[in-house]
Amino acid sequence: MDFDVLIVGGGAAGMSCALILGSAQHKSYAENKKVGIIFHQKTSDLQNALFNNVLGLPAGTTGAAILKDGPKHLEKLYPKVIQIGKEKVLKIGPIPSGFTVETNKNRYRAGKVVIAAGYSDLLRIKGLENYIIPHKKTQHEKNRIQLINEDHLVIPNLYVAGSLAGHRSQFSIACGSGAAVATDILTEWNNGIHTKVHDKLK
Ligand SMILES: Cc1cc2nc3c(=O)[nH]c(=O)nc-3n(C[C@H](O)[C@H](O)[C@H](O)COP(=O)(O)OP(=O)(O)OC[C@H]3O[C@@H](n4cnc5c(N)ncnc54)[C@H](O)[C@@H]3O)c2cc1C
C-alpha cells in the first residue's frame, strides 16, 4: 500500500482530518502509518468565502487564506503527512484490502480512503456513483449531494467527511466531521480503545 489513509479534498473537513491524524503520529499505534491528502484547490468554493462566525478564526478571514495557510500549517507541524497538491481525483476502485485512487496525474493505493470533496453535484469521481443521494439538509433546489453513510462510514474503510457526509454547510461543522473521522480511524488503529489527541501546556 502507498498509504494507510488517503484523504481526498483539502477544504475544512479534509484538512482537519489530516491535522488530527498528523498530530497522532507520535503515538505508538500511529507512528508507522502513512497518511496522505490530495487536494485540488483551484476550483474550491472556499476561494470566495468570508468567515465572521467561526470560533477561533479572526473575523474577516477569507477562504482563500485558509486554502493557502492550511497546507503550510500541516507541513510545518506534521511533515510526515504527505501532501499531494494540484491533483484531481477522478476514480476510486476497490482492491483486496483497500482502494486505488486515480488522479489526473497518478494512481495510488490506500488501505482507507476519506472523501472530503464538498457537496457540489459537480462531483465526478467514478466509483462513488452508487453512494450518491440528494443532500438531506440543504434546500432541494440547490441540487447538493451527499454520500450514503452511517456515522461517516460509506462501506468498510471508505469514509466521507464534511458537507458531502450530509452535514449542513458551516465551516465548524465540516471541521468537526473531519476530526470525527480522524479519531474513528485512530481508535481503530488503537485496537478499538477510544482515543483522541490533545496537547497541553507543561
Ligand atoms: C461563498 C461561501 C461563503 C461561506 N461562508 C460561510 C460562513 O460565513 N460561515 C460558515 O460557517 N461557513 C461558510 N461557508 C461554508 C463552508 O465554507 C463549508 O461548509 C465548508 O467549507 C465545507 O467543508 P468541506 O470540507 O465539506 O468542503 P470544502 O471546504 O468545499 O472542501 C472540499 C475540497 O475538496 C476539493 N475537491 C473537490 N473535488 C475534488 C477532487 N475530485 N479531487 C481533489 N480535490 C477535490 C475542493 O477543491 C475543495 O477544496 C461558506 C461557503 C461558501 C462557498
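The values are calculated or read from the model by the stated rules, or taken from the named source; none is laboratory data. Predicted model only: the values in this text are computed from it and were never measured. Neighbour counts are summed over all protein chains in view; Cβ atoms, including those assigned to glycine, are modelled from backbone coordinates with ideal geometry. All accessible areas refer to the heavy atoms of the entire protein, side chains included, with ligands and DNA or RNA removed. Shrake-Rupley method; radii C 1.70, N 1.55, O 1.52, S 1.80 Å.
Rounded to whole numbers, the Karplus 3J(HN,Hα) couplings from phi for region 79-85 are x, 6, 6, 7, 9, 10, x Hz, using 6.51 cos²θ - 1.76 cosθ + 1.60 with θ = phi - 60°, and x at Gly and Pro.
Given a Förster distance of 22 Å, report the FRET efficiency between His26 and Met1 from their Cβ-Cβ distance, rounded to the nearest 0.05. Calculated transfer efficiency: 0.50. Secondary-structure-derived ellipticity at 222 nm for the chain, considering helices only, amounts to -7500 deg cm²/dmol, per-run term -39500 (n - 2.57) for DSSP H runs with n ≥ 4.
Spin-label model, Ile95 to Glu129: label points 7 Å out along the Cα-to-beta-carbon direction sit 2.3 nm apart. Simple spin-label estimate for Ile82 and Arg107 gives 1.6 nm between the two label positions (7 Å along the Cα-to-Cβ direction from each Cα). By definition, a body whose alpha carbon gyration tensor gives a ≥ b ≥ c is oblate when a/c is 1.5 or more and a/b is not larger than b/c, and region 89-202 fits this oblate description. Applying a threshold of 25 Å to the alpha-carbon distances of Lys42/Lys142; Lys76/Lys196; Lys112/Lys202; Lys42/Lys105; Lys42/Lys136; Lys34/Lys91 flags Lys112/Lys202; Lys42/Lys136 as lying beyond it. The accessible surface of the chain, taken with every protein chain in place and a 1.4 Å probe, is 52 percent carbon and sulfur. Dividing the mean sequence gap of close Cα pairs (under 8 Å, 6+ apart) by how many residues the chain holds gives a relative contact order of 25 percent.
Express the accessible area of the chain per residue in Å², computed with a 1.4 Å probe while the remaining protein chains stay in the model.
56 Å²
Is there a pair in Lys68/Lys200; Lys27/Lys68; Lys86/Lys200 whose C-alpha atoms are over 32 Å apart, and which pairs would that be? Violating the 32 Å limit, Cα to Cα: Lys86/Lys200.
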